[in-house]
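Before any comments, here is the structure.
Nothing in this text is a laboratory measurement; each read-out follows from the coordinates by a stated rule. All figures in this text were calculated on a predicted structure; none of them were measured in a lab. Please note: Cβ atoms are built from the backbone with ideal geometry, for glycine as well, and neighbour counts cover all protein chains shown.
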Amino acid sequence: MKKILIPVGILLVLGILIYSKAVGTYNQFVQLEEGINGEWAEVQTQYQRRTDLIPNLVSTVKGYAEFEQETLTGVVEARSKATSVQIDPTNLTPEKLAEFQQAQDQLSGALSRLLVTVEKYPDLKANQNFLELQAQLEGTENRIAVARRNFNESVKGYNSTLRVFPNNLFAGWYGFVAKGYFEAVAGADKAPSVQF
Amino acid sequence: MRYLSASKLVVVLALFLLQGLAFAQDFPAAPNPPRLVNDFTGTLSADEVNQLEQKLLAYSDSTSTQVSIVLLGSVGVYEISDYAFQLGEQWGIGGKGKDNGILILAAMNDRKVFIATGRGMEGVVPDALAKRIVNNLILPNFKTEAYYLGLDEATTMIFKLASGEYKADEVMSDGEDNPILGILFLLFFIFIFVVLPIIKNRKDNNNHMGGKGGGIDFWTTLLLANALGGSGRGSGGSFGDSSSGGSSFGGFGGGSFGGGGAGGSW
């Protein structure tokens, strides 16, 4: 009888250890994922803010009749394309995120082209309404950049936790997968030279 | 063993990531002793730095809103806005949770300036107004190399916009629960210095009643003086503090920046 008790005891202790480790890891994954969901909501809020600003911008600019219609339609089209790409926060795969980013970056490009052409119209540039819109738009771009960086940092924490041993085994069992990053804007990989 | 190897791996991975990012040398460490005005370029005279410091400090003391000024050479390949947000976040300008910090960052060699507003300040200093402060107050002065004047006018305008948004925690004049706290303290002191001695003196009859009596007066006076001083400071605090000139900044509070603000170049 005693001979059987010892292996059973060892197995029991091992089982409890593995179980508690498994539960702890699962909870950790869930917490990290919730963090990412929060950051993602912030990213979407800021992109939405930009989308909402565009109709105002377009109608302000339209008032100046001589303004090129092509650039304006470019913005409007890019906007509708960007709003059509929506991601469910539970499905933040690298592919999905790349698609989302591409649509939004297209809109960024169209917007910056619009703002460049505006330089040719002094009347428009002096328009107070336009200046406020421009400041708001710049502020939104800044907020997007911050939200994207925070999102990337959360994803980095999550992905690196997910991929180390033994967490990778648990992640496989539970079905947690690595999430996508926002790619850095071109030119961001140059060596920075900051002077204090 | 499993735990050990896992934690080691995480540490190695973290080190690897940190190395790749190399954030550390791009941002100056938070000043120690903490200061609100940090001129790394020597553009402002010591006197001007001190005047700005006292002005911002007085405002921070009376409202808890931390407005910080940083002048540095160049932000490198960073966007000045991005650099300002990251620097503000790393130093933690503004109170934790309130995020009521504002950073005025100027890169002298780049000839660029940016006012970054903490998340809690985006309402009182919206981007459009920050833009106007930059365009109307900072840039014209910076163009004529009147750096102190530009910063002085900009901070004054920010104070005007932000006044009344946040009150300092320490100022006990208008809080609802503060009188209760005061009464509790009063009761506590009465208990310690009045009730306890009376009980004690009851046991051994005529002891130093006079000495204890003096104690009551001393503590009560101190308490009253404190209470009066605290409420009196509420309104006129900024003037009193700026004239004294000797006080120093207690440190940044851990505020966060979400991308608010505006900038320009001269």
- Cβ crowding within 10 Å averaged over residues, with B:185-192, A:48-55 ranked highest first: A:48-55, B:185-192
- Item | Exercise: per-residue mean of other protein chain Cβ atoms within 10 Å, B:74-84 | 4
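When Cβ neighbours within 10 Å are restricted to other protein chains, what is their mean count per residue of peptide B:125-137?
The per-residue average across the peptide is 3.
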- Task: Quickly rank B:153-162, A:121-130 as a protection proxy: mean count of other C-beta atoms within 10 Å, highest first.
- Result: B:153-162, A:121-130
- Computed ³J(HN,Hα) along the stretch A:108-120: with the Karplus parameters 6.51/-1.76/1.60, θ = phi - 60°, integer Hz and x for glycine or proline, the list is 4, x, 4, 5, 5, 4, 4, 5, 6, 5, 4, 3, 7
- Item | chain A shape via C-alpha gyration tensor axes, a/c threshold 1.5 | prolate
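Using a cut-off of 12 Å between beta-carbons, work out the net charge of the residues near A:Leu92 (Lys and Arg +1, Asp and Glu -1, A:Leu92 not included).
Values: positive: A:Lys96, A:Lys179; negative: A:Glu33, A:Glu39, A:Asp88, A:Glu95, A:Glu99.
Charge balance in the 12 Å sphere: -3.
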- Message: At a 10 angstrom cut-off on C-beta neighbours, averaged per residue, how do the peptides B:141-149, A:20-28, B:257-265 rank from highest to lowest?
- Response: B:257-265, B:141-149, A:20-28
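Kindly put B:Ser45, B:Ser74 in sequence by how many other C-beta atoms sit within 10 Å of each C-beta, fewest to most. Could the numbers behind the result be given before it?
Details: B:Ser45 11, B:Ser74 20.
Ordered from fewest to most neighbouring Cβ atoms within 10 Å, B:Ser45, B:Ser74 come out as B:Ser45, B:Ser74.
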- Residue of A:Ala41, A:Ala82, A:Ala135 that the Gaussian network model of chain A assigns the largest fluctuation, springs spanning Cα pairs under 10 Å: A:Ala135
- Query: Counting Lys and Arg as +1 and Asp and Glu as -1, what is the net charge of the other residues whose Cβ lies under 14 Å from the Cβ of A:Phe176?
  - Reply: 0
- Message: Using each residue's phi in the stretch A:47-64, evaluate 6.51 cos²θ - 1.76 cosθ + 1.60 at θ = phi - 60° and report the 3J(HN,Hα) Karplus result to the nearest Hz, with x for Gly and Pro.
- Response: 5, 5, 4, 5, 4, 6, 6, 4, x, 4, 4, 4, 5, 5, 5, 4, x, 8
- Long-range HN-HN contacts of B:Ile69 with modeled amide H, under 5 Å: B:Val37, B:Asn38, B:Ile104
- Item | Hits among lysines - C-alpha to C-alpha of B:Lys200 under 23 Å, sequence gap 8 or more where chains match | B:Lys212
- Query: Any idea what angle helix A:128-163 forms with the longest principal axis of chain A, computed on alpha-carbon atoms, 0 to 90 degrees, nearest 10?
  - Reply: 20
- Query: Do any of A:Lys81/A:Lys120; A:Lys62/A:Lys120; A:Lys156/B:Lys131; B:Lys131/B:Lys160 go past 25 Å between their Cα atoms, and which?
  - Reply: A:Lys81/A:Lys120; A:Lys156/B:Lys131
